[in-house]
Amino acid sequence: MTHFKWVADDDSFDFVIDSRSLTPGLNSLYQSFANQPKFNQRVSWLQTSNVTNMDEAFKDSSSFNGSVSFNVKKVKTARSAFQNCASFSQSFTYNMPELEQGNSMFRDCGSLTNLAVINLQKAVDVSRMFENCSNFNGRVELSSSSNVSNIARMFSNCSSYTGLNGPPRY
């Protein structure tokens with residue numbers, strides 16, 4: 001299996017998955033749970049150690065606040081992965097040494113407070129990553145030798161974020 005897509009339209013649908021059936025060959029979560037406004041399931045059963053694409057994985061799933069414990073060390077793109085997940089407030093550390101494109105990754109996640117995105121050695125575009133996350137005050141580590149070329153509005157409208165030197169001025 002190289003890609004997983006949530007296809008249930010029944011809002012009350014619940015399921016049990018035997019994680020052994022999801023092979024380590026899974027390499028894409030592109031739009032896997034996107035556009036599911038009532039989706040709120042635990043997804044930590046996904047074997048994500050080989051996933052490289054998380055673009056729009058949960059985008060516009062506004063009720064999603066499921067438990068995640070993803071291995072994201074190989075993820076290269078996570079554009080808008082959790083964008084508009086207004087209820088998402090899970091505390092988790094995303095160790096992302098291969099991430100290149102993370103623009104709008106958590107944009108408009110108003111409930112997000114304490115999350116860490118670390119080891120961004122290869123990041124190029126992290127613009128709007130936490131834009132409109134008014135409660136966010138987590139940890140973000142960009143490598144000093146990073147390739148970052150776009151950080152525009154990365155913390156725009158993050159009124160709770162203090163970073164290292166007070167609220168950002170983006």
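The values are calculated or read from the model by the stated rules, or taken from the named source; none is laboratory data. Quick caveat, the model's predicted, so the values are computed rather than measured. Neighbour counts are summed over all protein chains in view; Cβ atoms, including those assigned to glycine, are modelled from backbone coordinates with ideal geometry. Please note that ligands, DNA and RNA were not included when accessible areas were found on the heavy atoms of the full protein model with its side chains. Shrake-Rupley method; radii C 1.70, N 1.55, O 1.52, S 1.80 Å.
Structural remarks
- In terms of accessible area, using a 1.4 Å probe and ignoring ligands and nucleic acids, Arg79, Arg139 rank largest first as Arg139, Arg79.
- Per residue, in Å², the accessible surface of the range 79-123 once ligands and nucleic acids are set aside, probe 1.4 Å: 31 Å²
- Glu100 accessible area, assembled protein chains, probe 1.4 Å, Å²: 70 Å²
- Surface composition of the range 37-170: carbon and sulfur make up 39 percent of the accessible area, probe 1.4 Å.
- Report note on the peptides 26-35, 149-158: ranked by the mean count of other C-beta atoms within 10 Å, highest first, their order is 26-35, 149-158.
- Modelled spin labels at Ala116 and Ser134, positioned 7 Å past Cα toward Cβ, are 2.8 nm from each other.
- Other residues with beta-carbon under 9 Å from the beta-carbon of Ile118 carry, at +1 per Lys or Arg and -1 per Asp or Glu, a net charge of 0.
- Residues of the range 83-103 with amide N under 16 Å of a point placed 7 Å along Cα→Cβ from Lys74: 95-100
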